[in-house]
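Taking it in order: structure first as structure tokens, then the write-up.
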Amino acid sequence: MATGFRESVLLVGASGRTGRAVLRYLSAASVPVIACVRRADRLPEPRAASVEVAVANLEHPHTLAPLIERAAHVIYLAGGDRRSLSPGAWQLEVETLSAGLEMARRSDLPGRWIYVGYSGVEQRGGTTWAEARWRELKAAAEDAIAGSGVNYFVLRTGVVTDAVSVEPRVALSQSAVPAPGAEIPCNALGFLLTGAALAGAAHRARAVVRVEASGTNLQSAVQAFSRLRTDSDAGKADAREPARTVLGRR
């Protein structure tokens, strides 16, 4: 079991599009970050002094153990490519994730395990085998997180798009119904994930985020995270009233 003060955010998948955005926001706030990557040269130079680069092979989940033991929060962005899944996609998306969650439980992770799930309707004309399989993996990953005993925050969206220069307005909900067109730019998603770690979010909660012109700004969406229902409360509420809940609007 880990001892001592844990202040770092462990960012698994730091070299991806969204991971780089999260790393940029955390660095701007001078937050200690353990940027976990497969190869150190995948991260751009120069890097902030608060960033420690750790190389780990997720095919060997035990390499994450010493990093998780030092983390206050884990932002887990590792996963397969939805367009062309590799033969080891299940291992990376579910088995490695599950092993990491068990390590977090054993080390008494003080914060949250933060993960990006998926919410979206079927595309017109059906979908590819890889896309259907990827969605199954995302569902299995969420089940593993919910059953882990670790505090978590799952932010669901649809397609993650390229970065934008103008801040988008977003809508946040806890509806169990898939959100049509749920998508978000990678840098906006990175801001929200950073906020989930730094500004706080409800324990054991899931939410859907999507770009919507009538929604709210990113900062207000982050502030709404603390007002989310927990998964257990959401289940009770859904049994009473299936109405869609929208948070953070103004």
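The values are calculated or read from the model by the stated rules, or taken from the named source; none is laboratory data. Bear in mind that the values here come from a model prediction, so they are computed numbers and not experimental data. FYI the Cβ positions are ideal-geometry reconstructions off the backbone, even for glycines, and counts take in every protein chain you see. When the accessible area is computed, the model is the full protein with side chains, heavy atoms only, and any ligands, DNA or RNA have been set aside. Shrake-Rupley method; radii C 1.70, N 1.55, O 1.52, S 1.80 Å.
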Quick count over the range 1-13, residues being modelled with pLDDT under 95 and open to solvent by less than 20 Å² (accessible area, probe 1.4 Å), is 0
Log entry, pairs with first residue in the range 141-160 being free of Cβ contacts under 8 Å to residues at least 24 places away in the same chain and more than 20 Å from Leu198 (Cα to Cα), second being open to solvent by less than 10 Å² (accessible area, probe 1.4 Å) and part of a helix (DSSP H, G or I), beta carbons closer than 9 Å, six or more apart or on different chains, reads Gly147/Leu101
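Residue-wise test of (1) of a type outside the set (Val, Ile, Thr); (2) under 28 Å from Thr63 (Cβ atoms).
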residue: Gln91; (1), (2): yes, yes
residue: Glu95; (1), (2): yes, yes
residue: Leu109; (1), (2): yes, yes
residue: Thr128; (1), (2): no, no
residue: Leu137; (1), (2): yes, yes
residue: Glu142; (1), (2): yes, yes
residue: Ser148; (1), (2): yes, yes
residue: Tyr152; (1), (2): yes, yes
residue: Val160; (1), (2): no, yes
Of Val74, Val12, the only residue that is within 28 Å of Asp143 (Cβ to Cβ) and touching a Cys at 6+ places or on another chain (Cβ under 7 Å) is Val12
When the range 117-151 is checked residue by residue, the ones that are at pLDDT below 90 and assigned to a loop (DSSP other than H, G, I, E, B) are Ser119, Gly120, Val121, Glu122, Gln123, Arg124, Gly125, Gly126, Thr127, Thr128
Among residues of the range 153-164 being touching a helix residue (DSSP H, G or I) at 6+ places or on another chain (Cβ under 9 Å) and of a type outside the set (A, V, I, L, M), the residue farthest from Tyr118 (Cα to Cα) is Asp162
Could you tell me whether the range 43-58 includes any residue that is among the charged types (D, E, K, R), open to solvent by 30 Å² or more (accessible area, probe 1.4 Å), in a loop (DSSP other than H, G, I, E, B) and farther than 23 Å from Glu93 by Cα?
yes
